[in-house]
Amino acid sequence: MEYILAPSILAADFKTLGEEMKKTEENGAKYIHFDVMDGLFVPSISFGMPVLASIQNATSQVMDAHLMIQEPIRYIEAFQKAGADMITVHLEACEDVKSTLAKIRDCGMKVGLSICPETPAEAVKPYLENVDMILVMSVHPGFGGQKFIPESLDKIRMVREMIREKDLSVDIQVDGGIYLSNVREVLDAGANVIVAGSAVFKGDAAQNTKEFMEILKSYE
């Protein structure tokens, strides 16, 4: 299993975004996590296709677009054209989950499915054969800098067990409140893709990335 760091640019300084992303790439982060919020599915509004299009060539990292938007099927082609390599949608935001996931696949991107803290782990079971990654939200989506919800660890374990039972190769990504102080708990529970925003971009992004990667590599 590959262990991957996905720095979330929601916490980055946009005045120097390209440089900050490059620092994370040079120190081992393979993904860039791109949080899209619409003010409907979640209360906050972030950024969209124009920003993604402007940064996609700043690094060679995988552009990991997390769409926290209502009915994301409407925008999948647009995000693919803007440079997304992978799109993760929320189970709770899709009227037809399987059609939404199929649309992502048809556009040539990797497929992710996310669940909010109040959604049980079992909800993803019908879709495991249709995805490359399950994203377990360990905070309520919509704002950065929240505290990790400890009950998320049990949910990660349950999702990992369901993946094992079906003998699938599906990543588990975890997003929200992850720092160097608690990332081992998340990895021990079964996650292998770690989203970190403030923990990477607040302070020295290069050094912070390096320290995360030292922990991740110890699990390989």
### Matching option when the condition is within 17 Å of residue 140 (Cα to Cα), free of Cβ contacts under 8 Å to residues at least 60 places away in the same chain, small (Gly, Ala, Ser) and open to solvent by less than 60 Å² (accessible area, probe 1.4 Å), among 65, 78, 82, 93
93
### Query
Given the structure, is residue 106 of a type in the set (Asp, Glu) and either open to solvent by less than 30 Å² (accessible area, probe 1.4 Å) or under 28 Å from residue 71 (Cβ atoms) (or both)?
yes
### Message
Being among the hydrophobic types (A, V, I, L, M, F, W, C) and within 15 Å of residue 91 (Cβ to Cβ) is the requirement here; does residue 156 meet it?
### Response
no
### Task
Go through the residues of the stretch 157-167 one by one and say whether even a single one is open to solvent by less than 20 Å² (accessible area, probe 1.4 Å) and under 17 Å from residue 31 (Cα atoms).
no
### Message
Going residue by residue through the stretch 29-36, is there one that turns out to be more than 30 Å from residue 217 (Cβ to Cβ) and modelled with pLDDT of 95 or more?
### Response
no
### Task
Residues being open to solvent by 30 Å² or more (accessible area, probe 1.4 Å) and either in contact with a Pro (Cβ under 6 Å, 6 or more places away or on another chain) or in contact (Cβ under 8 Å) with a residue 24 or more places away in the chain (or both): count how many of those fall in the stretch 34-56.
9
### Task
Would you check if residue 24 is in contact (Cβ under 8 Å) with a residue 60 or more places away in the chain and either open to solvent by less than 40 Å² (accessible area, probe 1.4 Å) or on the phi < 0 side of the Ramachandran plot (or both)?
yes
### Matching option when the condition is within 27 Å of residue 23 (Cβ to Cβ), among the polar types (S, T, N, Q) and touching a Phe, Trp or Tyr at 6+ places or on another chain (Cβ under 7 Å), among 181, 198, 218, 138
138
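The values are calculated or read from the model by the stated rules, or taken from the named source; none is laboratory data. None of these values were measured; they are calculated from a predicted model. Methodologically, a virtual Cβ is constructed for each residue, glycine included, from the backbone with ideal geometry; neighbour enumeration extends over all protein chains shown. Remember, those area values only see protein heavy atoms, side chains included, never the ligands or the DNA or RNA. Shrake-Rupley method; radii C 1.70, N 1.55, O 1.52, S 1.80 Å.
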